[in-house]
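Heads up: the structure comes next, in structure tokens.
The values are calculated or read from the model by the stated rules, or taken from the named source; none is laboratory data. What you see is a predicted model; the values in this text were computed from it and never measured. Glycine gets a Cβ as well: all are built from the backbone with ideal geometry, and neighbour counts include every protein chain shown. We work out accessible area using only protein heavy atoms, side chains counted, and drop any ligands, DNA or RNA first. Shrake-Rupley method; radii C 1.70, N 1.55, O 1.52, S 1.80 Å.
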Amino acid sequence: MLAIEQLSVSYGSVRALTDVDLEIRGEGLLHGIIGPNGAGKSTLLDAICGRRRPSSGRVRYCGEDITRRSISWRRRQGMARSFQRTSIFQDLTVHEQLKLVAQHLGDDRLDDVIEVMDLGGYLEQKAGRIAYGVQRRIDVALALIGRPRLLLMDEPGAGLSATETLRLFQHVRDLVRERRIAAVVVEHDVDAVFACCDMVTVLDLGRHLATGTPDVIRADHRVIAAYLGTAA
Ligand SMILES: Nc1ncnc2c1ncn2[C@@H]1O[C@H](COP(=O)(O)OP(=O)(O)OP(=O)(O)O)[C@@H](O)[C@H]1O
Ligand SMILES: [Mg+2]
């Protein structure tokens, strides 16, 4: 579904990504991205969704070179992104907020998004006044509107307890399988990633370190040295 080829991204003189190659298989698979702070994980999602232009390299989506396509073009083609910091409007009710995005994207089928993210009990509440764990579910729900084929999520578990993060990941994994879409999720909670992701990629210092199944990644000595050794 997605192929990243020799991708480099710089912020001025800071090289955030260097020659990253990565393939994301579609249809029902959850792909985790882990790595130390500053490894380039958010930058990689930015380059995939079109927020950040790479200085070199290519992004292919469903076989097409989309490196120069706009964010809105990518969104219409089924790429959706949720953010590391919660992007909800605090003064709107949950329902108003979901409807706003639905209108914008011309998708009026909110019921199953509400159901799958288990938001039915919160619709009339102001988003800013509900528990943080539920706010993170709203964030994912917002990204699900418009029937994305590829869901990109940046630390959906940020600020949640380990148990809440695991539950959120299980929701996402079930959803990805049910709808036969693909999802790429950046996350610091490696237990949730190893428990729920089908494939895992490790970035370190802007470079691709390893990609494999959770079992392979957990046992990879380079990954242990660069990340898991200190994270554990
Ligand atoms: N807007 C920016 N301007 C300048 N440098 C940036 C900018 N955003 C990120 N960087 C730098 O690029 C590198 C990669 O950052 P990025 O945010 O992609 O890492 P990350 O893996 O998502 O980190 P974290 O785990 O802390 O979220 C870091 O060195 C960071 O300081
Ligand atoms: Mg980040």
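Results, tabulated for the structure shown:
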| read-out | value |
| --- | --- |
| Antiparallel bridges, percent of DSSP beta bridges restricted to the stretch 2-231 (to nearest 5) | 55 percent |
| 1.4 Å probe accessible area per residue over the stretch 46-179, in Å² | 50 Å² |
| Accessible area of Val20 in the full protein assembly, 1.4 Å probe (Å², nearest 10) | 0 Å² |
| For the chain, with +1 on Lys and Arg beta carbons and -1 on Asp and Glu, the positive-most of Met117, Leu2, Pro156 along the dipole | Leu2 |
| Low-density loop cleavage sites - GluC sites (Glu not before Pro) in the stretch 21-120, where at most 13 other Cβ are within 10 Å (DSSP) | Glu27 |
| Relative contact order %, the chain, counting alpha carbon pairs below 8 Å whose residues are six or more apart | 28 percent |
| Of all accessible heavy-atom area on the chain, the percent that carbon and sulfur account for (1.4 Å) | 47 percent |
| Compactness of the chain - radius of gyration and Dmax, Cα, Å | 17.1, 50 |
| Furthest towards positive pole of dipole, Ala39, Ala131, Gly12, structure part the stretch 2-231, Cβ charges | Gly12 |
| Solvent-accessible area of Phe169 with every protein chain in place, 1.4 Å probe, in Å² to the nearest 10 | 10 Å² |
| Segment Ser161-Lys99, length gained on full extension (0.36 nm per residue, minus Cα span) | 19.4 nm |
| Area of Asp118 that stays accessible when all protein chains are in place (1.4 Å probe, Å², to 10) | 90 Å² |
| Between the stretch 40-69 and the stretch 128-191, the Cα center-to-center distance that results, in Å | 21 Å |
